[in-house]
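Each value in this text was obtained by applying a stated rule to the coordinates, not by laboratory testing. Keep in mind the model is a prediction, meaning the values are calculated, not measured. Cβ sites come from the backbone with ideal geometry, for glycine too, and all protein chains shown count toward neighbours.
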Amino acid sequence: MTGEEMKSTIRKMSDDTWHKRNLDDACRPYADEVVFYRPPFSAMVGKQAAREDIEGTLTAFTDTKTTIHEMVVEGDTVMAHWSWKAVHTGDLHTMGIPATGKQAEVTGCSVYHFKNGKITEHWEYCDVLGLMQQLGAIPAFA
């Protein structure tokens with residue numbers, strides 16, 4: 001894949017996930033054995049595990065909107081800097097936080113490693129602390 005093809009894949013995957021909520025199409029670029037890292041959580045191994053995690057986020061948040069601000073390609077790797085907005089309307093299963101009805105906005109970046117046209121590794125780094133503060137799960141810093 002060319003760099004432009006990889007970037008196009010990431011843009012489509014983001015749109016399919018957060019705007020269309022079409023997980024069949026959103027997960028299609030993942031290799032069956034993909035490893036999805038999202039510190040501080042445990043790594044998820046396999047396309048189905050990644051899909052279930054994304055489903056949990058979509059269950060907990062509605063009105064999701066993602067903006068990709070920039071992408072950088074280096075060989076078979078794409079880095080995407082993004083921001084994400086959503087309303088917390090369901091239980092956040094990974095953290096045990098019941099729905100708050102609050103709007104949240106998070107920034108972060110994702111690193112995607114491609115092999116044979118598929119994503120084999122996905123690293124996601126975002127402001128989990130800021131998200132928890134916006135949801136009222138922990139106090140904001142003064």
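On the stretch given as the range 55-81, residues that are assigned to a strand (DSSP E or B) and within 18 Å of Leu23 (Cβ to Cβ) total 6.
Taken over the range 20-43, the criterion of being in a strand (DSSP E or B) and acidic (Asp, Glu) is satisfied by Asp32, Glu33.
Within the range 25-44, the set of residues being surrounded by fewer than 17 Cβ atoms within 10 Å (Cβ to Cβ) and closer than 22 Å to Gly96 by Cα comprises Tyr37, Pro39, Pro40, Phe41, Ser42, Ala43.
Considering Ala86, Ala50, the condition of being among the small types (Gly, Ala, Ser), out of contact with any Pro (no Cβ under 9 Å at 6 or more places or on another chain) and assigned to a strand (DSSP E or B) is satisfied by Ala86 alone.
Give the range 101-134 a look and list any residue that's surrounded by 17 or more Cβ atoms within 10 Å (Cβ to Cβ), farther than 30 Å from Asp76 by Cβ and of a type in the set (S, T, N, Q), or say none. Within the range 101-134, just Gln134 meets the criteria.
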